[in-house]
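**Q** Below: one structure in structure tokens.
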Amino acid sequence: MSESPRLTRPALRAQLLAARERFVASAEVSAAVEAIARELRQVTDRLEPECLGLYWAMRSEFNAAALWIDDNGDTTFPLALPFAQRAARQMHYRRWDGQAPHLTDECGIATSDGDPVVPDVVLVPCVGFTASGYRLGYGGGYFDRWLAAHPHVTAVGVAWSVSQIDESQFTPEPHDQPLTLIVTERGVV
């Protein structure tokens, strides 16, 4: 993002979501989908997760879940999806068999009804991100709380490059958890 007056987090989030929507509607998105998929596969091949925590894509996010499910519905390695609870504002992961979810969590996001599990590698969707590894999400704090409770987990942000935030536009707050790395269609940040 270019130098401009500092925005509030809600205003920055709205600006980034609008930029992301424009990007996924552009002619560039086909090549970007292939590039980010290639980058994510390379990263996970290096990390060799025992269990990979995914997210169910929404609002123009990259659909990473499809990368590890073959044409028969078999998964490359054990997978998990998050389950968010509103009442206590918490999240946990549930083992996922790769089949289309028939359940939604308390935030209305598709999830699994599998057993609770703590993945060793998680993919985290980013509304925005900084080069120093901080992310701006949707504002609920679910991933930040989960990451704070599981500091041993490798957290991989997933974002379109148009979502990068200039460091001068984003000051991490005490609850913000840095990601291990961030993958975009332009490579690893």
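The values are calculated or read from the model by the stated rules, or taken from the named source; none is laboratory data. Because the structure is a prediction, the values reported are computed rather than measured. Heads up, the Cβs are rebuilt from the backbone with ideal geometry, glycines too, and the neighbour counts pull from every protein chain shown.
**Q** Across segment 39-52, which residue is farthest from Val122 (Cα to Cα) among those that are in contact with an Asp or Glu (Cβ under 9 Å, 6 or more places away or on another chain) and part of a helix (DSSP H, G or I)?
**A** Glu39
Conditions tested, residue by residue: (1) within 19 Å of Glu173 (Cβ to Cβ); (2) not in a loop (DSSP other than H, G, I, E, B).
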| position | (1), (2) |
| --- | --- |
| Ala80 | no, yes |
| Ala87 | no, no |
| Gly114 | no, no |
| Gly133 | yes, no |
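**Q** Taking segment 56-108 on its own, how many of its residues are more than 17 Å from the chain's Cα centre (by Cα) and closer than 15 Å to Leu123 by Cβ?
**A** 6
**Q** For segment 166-189, give me each residue that is crowded, with 20+ Cβ neighbours inside 10 Å and either modelled with pLDDT of 95 or more or assigned to a strand (DSSP E or B) (or both).
**A** Within segment 166-189, Leu179, Ile182, Val183, Thr184, Glu185 qualify.
**Q** In segment 135-159, what count of residues is obtained for those that are farther than 9 Å from Leu179 by Cβ, part of a strand (DSSP E or B) and not β-branched (Val, Ile, Thr)?
**A** 1
**Q** Can you find, within segment 48-69, the residue that is farthest from Val118 (Cα to Cα) among those that are aliphatic (A, V, I, L, M) and either at pLDDT below 95 or loosely packed, with under 13 Cβ neighbours inside 10 Å (or both)?
**A** Met58
**Q** So, in segment 70-86, how many residues would count as being hydrophobic (A, V, I, L, M, F, W, C) and either modelled with pLDDT under 85 or in contact with a helix residue (DSSP H, G or I) (Cβ under 9 Å, 6 or more places away or on another chain) (or both)?
**A** 4
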